[in-house]
Each structure stands twice: as structure tokens, then as C-alpha cells.
Amino acid sequence: MNILKSRLLAILLLVALLPTISAFGAEKVANNDMWLTCELSKPRFFSNEVVTATVWLHTQKRDLAYVKLRSAMKLNRDTVAFMTEVNGQQMPKQEMINDKVYYAYPVAVYALSVERAGKNRLQGMVLDVGVTEVHVVDDPWWGQRSVADNHEMTVNMKPVEFEVRPLPAVDAEFPFSGTVGRFEIETNLPKGDIIVNESALAYVTLKGTGYFKSNVLPEYREAFMKGAKLKSVSDNIEYYYTDNRLIAVKELECDFIPTDRKDCEIGAIKFGYFNPETEKYEMAESAPVKVNVKSSTTKREVISI
């Protein structure tokens, strides 16, 4: 929970500067001065679509010492297909509830997706929150003075319900990868000479919103059939979170041998996915790359004098 701890330190510094806002539709509070809610970026989304879940800590306390995870968030049925804590951009805020000022802290932000369609519920998160209480005591020697006492409160998250939509039927001939989001793909050659019949490298970058299931790769084999012979492929995946979206980047390092000096080309590489924005199956396709292949006589030894 390092992200959660660093986020709490930042929001405690900012909360004093925040304006007070009215929380229309906020739940009435009875005998509770601290509770958790979970806010989903979409209450209804597609199977395997990545959404954001922000956990808010609501309290009248301003002096919070720490937040510790006691029990993780989970689904009441099925398991999440993917979930990771991210650095969200949400800011703390003030709320007016029953004519009282409450502070709302974004203590955790997750990117997650669910595979099985149907109604579901996120629940079960429990936090231990350290609270600093300051009160005045009468000291027989020093008179009235302020004393800070620390104590811990256990806070449970209110469940949040949502619905997962099934993906529409896909044409049997469409090469659907099983990935949901929006993606683009490109092929690049590193700088330097490429020599006929000698190993060379090409890099294929697949980037978009969403996440990749294990062993999901674009259709690359047929791209290395025109004056080139593919030797091996290795892949690497990175994720980052920006503009309230999870971005996935998969890079393929393709080791190939150019076999034709005059006519060598890396063809189009394709990746079929489902776009939840258009609610259609779509194809990302890279532009073909012409390979400038040189003769082995191009190689020259570097002589130092």
C-alpha cells in the first residue's frame, strides 16, 4: 500500500486549501463520523473493459496520521480479471452533509476489469485509520495546555453495485484477440545498416487503453514473408496510468534475417480488439516498412591510427 500512504501524505497538505462544496444526494450520516465509499468511473461496462475504482474516506477529522489496509477489496461473485493500484489524479474535497463539514480523501485508486457478465458488487475493503485528537487539559504545574492523543479506527467500505455487459457476437473469421479497449500499432527499425543474410531487429509497438491477457500477441508471422525470414520474437509489457485511463504498451522485439537485397519488406501487422466506445470489433494495423538491405561488402573494418 505504498501508493495509498504517499497519497494520504499529499492530500493532508492540500485539504486546508480546499473550498467547501455541497454534496447533493449524499447519504445521511447517523452516528458515524468516518466511512468509505467506492466510486466507479462507469456503473455499467463491458466484460474485460478496464474501469477506475476510487475509494474515498469521508470524515470530520482533519488530523489523520496514517491509513493501513486490513482487508482488500473484492467481488461478491467471481474474481476480477485484472486489478492494480494506480496513482490517480483525484483531489480531496469538502462536503456539507446535514449542515456539517466532512472531508473526503481519495485514499486508493484501482484500475480493474471483470470477465464474467452480470450484476456484481465490490465490497470488503477495511482500513485502519490513525487519528490524532487534540484537547485541552488543566495541568497543575503548567495550567491549560494542548495534548495530542492518537488512536486507531477501523473503517469498512460501503458496497458498490455495477453491471458487466457481455461482448456482442463476433464473426468467426475476425481475428479477435480477446482484448477490450482502443489500440494502435506500429513497426520501427533501429538506426544502422541492415546486411543481407545477417540478423537484424525490428520493433513492433502495440499501445492502447486496457490490458493484455497472458500470451496475447498481434498477428505478426505473415509480415515477415517478403524477402525476410523471422528467427525469434520476445515481448515486454508496461502499464501506466494517465488522464484517468490505464495505458498498456506491449513491445515485440523481432529478430529476422533479410534474404533479399532488392525486395525486403515487413508487412502489415494486425491486432483485433473490441472497442467499448464504438461497441464494435475493430482492427489495428501497422503500415508496411520497406527494409533497406545492403550487401555484405558494405561492412568495413574500423582502423585506428
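Every read-out reported here was derived from the displayed coordinates using simple, explicitly stated rules and does not represent laboratory data. These numbers come from a predicted model, not from an experiment. So basically every Cβ, Gly included, is an ideal-geometry build from the backbone, and we count neighbours across all protein chains shown.
For Lys207, the conditions (1) surrounded by 15 or more Cβ atoms within 10 Å (Cβ to Cβ); (2) under 30 Å from Gln89 (Cα atoms); (3) touching a Ser or Thr at 6+ places or on another chain (Cβ under 8 Å) all hold with the exception of (3). Scanning region 219-241 for residues that are touching a Leu at 6+ places or on another chain (Cβ under 8 Å) and touching a residue at least 60 places away in the same chain (Cβ under 8 Å) returns a single hit, Tyr239.
For region 244-256, the criterion of being free of Cβ contacts under 8 Å to residues at least 24 places away in the same chain and not acidic (Asp, Glu) is satisfied by no residue at all. Taking region 217-256 as the range and being crowded, with 17+ Cβ neighbours inside 10 Å and closer than 25 Å to Asn292 by Cβ as the test, the residues that pass are Pro218, Tyr220, Ala223, Phe224, Gly227, Ala228, Leu230, Leu252, Cys254, Phe256.
Selection within region 67-92: residues that are crowded, with 19+ Cβ neighbours inside 10 Å and under 24 Å from Thr132 (Cβ atoms). The member of this set that is nearest to the chain's Cα centre (by Cα) is Pro92. Kindly indicate whether any position in region 154-166 is in a loop (DSSP other than H, G, I, E, B) and over 24 Å from the mean Cα position of the chain (by Cα). Looking for residues that are in a loop (DSSP other than H, G, I, E, B) and over 24 Å from the mean Cα position of the chain (by Cα), one finds none in region 154-166, hence no.
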